[in-house]
Amino acid sequence: MSGREFFASRYRELGWTCEPVEPRQAIRINTMNAETTEVIDRLESRGIQLETIPFVEDGFWISKSDFSVGATAEYLLGFYSIQEAAAQIPARLFAQLKHKIVLDACAAPGGKTVELADLMWNTGAIIALDIKKQRLTALANHLERCRVENVIACNADARQASHLNLKFDRILLDVPCSGNFAVDKDWFSRRTIKDVENNAKLQRGILAEAAKVLKDNGEIVYSTCSLEPEEDELSIDWAIENLNLETEKINCLGERGLTSIFGKKLDSSIGNCRRIWPGQTQGFFICKLRKRVSA
Amino acid sequence: MNVISDFVGKFNARISLDQNLIVEKNDRYFLLNKNLKRLIAKGFLYAGTYLGKTKDGIFFPSFGLLAMIAQADANKTTVDSKTEWLFICGRDVFKQGIKSMTRPARKGDYTLILNERGDCLGFGKILKSRGEKEGKTKVAVKNIADIGDFLRRER
């Protein structure tokens, strides 16, 4: 089961009509390296027009640029990162990141790792894992360019995070997912429901391991760029039923998470999640979870 | 780590790095902080601040290390905006593009290349000592490494 009509009919059933969209290119200022106003001035002096993204601090859409924003001195000096607007949200949902021990379980290519380091002002520590060694090269380049100082990057499967023998205050799970058509023009022809099911299984394995290595009262932010509920609300519903986790309310872009999916009723707290249908950003799903304190 | 202090010395500079916090992994050097030192795992690929690597006995610095040297009293050459971009594209620095140098040029020394805002763009080797006869269009500093490398290495 695949194809545009198959997936579009699923989205219709979930309450959204599938329309072509073109998410805009966005940047995020690395405030540990440069003042936001200075970077804006410098980019505008090069003829790059920016528009403030209303729902993320230090994020800007590129309104006009005659050349790649990935080829300016400011970019190469690590003053900003190119990061899609919705992807800038998850790292900002953690409370009190400074001086914390953070796990970024599926880190490469590192956009959110750098954002975490920026929010932490290079304090504490981030353990960044990725299962694909080749992708860690991109992560390392990103960390070097952005002058990140508080990351340890390892080639490891997030499902084996307990082998690190560490407990974490905060865990970012930007898990591998099926993606969405807004950022992949061939998405409908490449993806099947089997891929979605396989990814959902992988995501549950990662969630389970994360719950193991999270400190009591610690926070997980779970995100995907998938629109498929099997990878989003249904995975979270499974997690709160099985992993001693509970959802937390978050204040960010997006609609409430769906609590009734294809005839199945989910826990009402799934409404705390946020589902972003493609439009001004790509499609995205975000959830914040807290580990219940052990009795 | 002599290899790092020797390299820094080529800019007639000194920087203080806590040797206990420097780790080597596969000929790559990283500067940790105390937090990271406590957490570092055997199989890490990258940690803390990347300082550079050695290959065939030659030290290749990171841009983070160059930025650290730029904070110190060191050989620095400030270039104009046109030269800034050419340098980032891998070109050498011509005399006419130089706005200032912190010290009189001495042939064979290394110098950091800075833009007019003071950002470190990379480094090069000085080809002529001050007073040596040269034309305006002659190369003054040979580009050895520039931040454009971040683009080139991902191709």
Calculated on alpha-carbon atoms, Rg and Dmax of the protein assembly as shown in Å: 24.2, 85
Projecting each Cα onto the charge dipole of the protein assembly as shown (Lys/Arg +1, Asp/Glu -1 at the beta carbon, about the Cα centre), which of A:Asn165, A:Thr113, B:Gly57 comes out farthest on the positive side? B:Gly57
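For every helix of n ≥ 4 consecutive DSSP H residues, a contribution of -39,500 (n - 2.57) applies; sum these over chain A, divide by its total residues, and give [θ] at 222 nm rounded to the nearest 500 deg cm²/dmol.
Details: 8 runs with 82 residues, N = 295.
After summing the helix terms and dividing by the residues of chain A, the value is -8000 deg cm²/dmol.
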Given 5 Å bins starting at zero, what is the percent of C-alpha pairs of segment B:16-135 in each, up to the one with the largest pair distance? 2, 10, 18, 18, 16, 12, 10, 7, 4, 1, 1, 0
May I ask you to list the trypsin sites (Lys or Arg not before Pro) in segment A:92-191 that are in a DSSP loop and have at most 15 other Cβ atoms within 10 Å of their Cβ? A:Lys98, A:Lys132, A:Lys167, A:Lys185
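Would you mind getting me the FRET efficiency between A:Lys132 and A:Lys201? Use the beta-carbon distance for r and R0 = 22 Å, nearest 0.05.
Details: r = 18 Å, r/R0 = 0.83.
That pair, A:Lys132 with A:Lys201, gives E of 0.75.
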Under a straight-distance cross-link criterion of Cα-Cα below 16 Å, which aspartates and glutamates are reachable from A:Lys98, leaving out those fewer than 8 residues away in the same chain? A:Glu115, A:Asp118, A:Glu149, A:Asp169, A:Glu219
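Placing unit charges on C-beta atoms (Lys and Arg positive, Asp and Glu negative, everything else neutral), compute the dipole magnitude of segment B:2-69 about its Cα centre in debye, rounded to 20. Before the final figure, lay out each step's value.
Values: 10 positive and 5 negative charges, 48 e Å.
For segment B:2-69, the charge dipole is close to 240 debye.
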Peptide A:71-82, shielding by other chains (average Cβ, 10 Å cutoff): 4
Centroid-to-centroid separation of segment A:224-295 and segment A:1-20 [C-alpha atoms, Å]: 19
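Let's test the formula: R0 of 30 Å, r as the Cβ-Cβ distance of A:Lys215 and B:Phe60. What FRET efficiency results, to the nearest 0.05? Please list the in-between numbers first.
Details: r = 40 Å, r/R0 = 1.32.
Working from the Cβ atoms, E equals 0.15.
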Extension gain from A:Arg292 to A:Arg12, taking 0.36 nm per residue of separation minus the Cα-Cα distance: 97.3 nm
Within segment A:120-138, the residues whose backbone N lies under 17 Å from a label point placed 7 Å from the Cα of A:Glu57 along the Cα-to-Cβ direction are A:120-123
When you take every Cα atom in segment A:85-291, what is the radius of gyration, and what is Dmax, the widest Cα pair distance, in Å? 16.0, 49
Segment A:24-83 -> Rg/Rh from Cα coords, Kirkwood Rh, value 0.90
Ranked on Cβ counts within 10 Å of their own Cβ, fewest leading, B:Cys89, A:Cys106 go B:Cys89, A:Cys106
Report the full-extension gain for the segment A:Glu35 to A:Lys265: residue separation times 0.36 nm, less the Cα-Cα distance, to one decimal in nm. 78.1 nm
Toy charge model, Lys and Arg Cβ at +1, Asp and Glu Cβ at -1: the protein assembly as shown dipole around Cα centroid in debye, rounded to 20, equals 1500
Cα-based Lys pair tally, segment B:2-69, threshold under 21 Å, eight or more apart or on separate chains: 10
Whole-Hz Karplus couplings 3J(HN,Hα) for segment A:270-287, θ = phi - 60° and coefficients 6.51, -1.76, 1.60, Gly and Pro as x, run 5, x, 6, 6, 10, 10, 10, 6, x, x, 6, 10, 6, x, 7, 9, 9, 8
Name the residue from B:Gly124, A:Leu258, A:Ser189 whose Cα lies farthest towards the positive end of the charge dipole of the protein assembly as shown, charges +1 on Cβ of Lys and Arg and -1 on Cβ of Asp and Glu. B:Gly124
Modelling each spin label as a point 7 Å along the Cα-to-Cβ direction, I'd like the A:Glu19/B:Asp80 distance in nm, to one decimal. 5.1
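On average, how many beta carbons from a partner chain sit within 10 Å of the beta carbon of a residue in B:34-42?
4
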Only Cα pairs within less than 10 Å get springs; with that Gaussian network setup on chain A, which residue of A:Asp216, A:Asp186, A:Asp174 has the largest fluctuation? A:Asp186
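No lab work stands behind these numbers, since they all come straight from the coordinates. Please read these numbers as outputs of a predicted model, since none were measured by experiment. With ideal geometry, Cβ positions are generated from the backbone for all residues, glycine too; neighbour counts draw on all protein chains shown.
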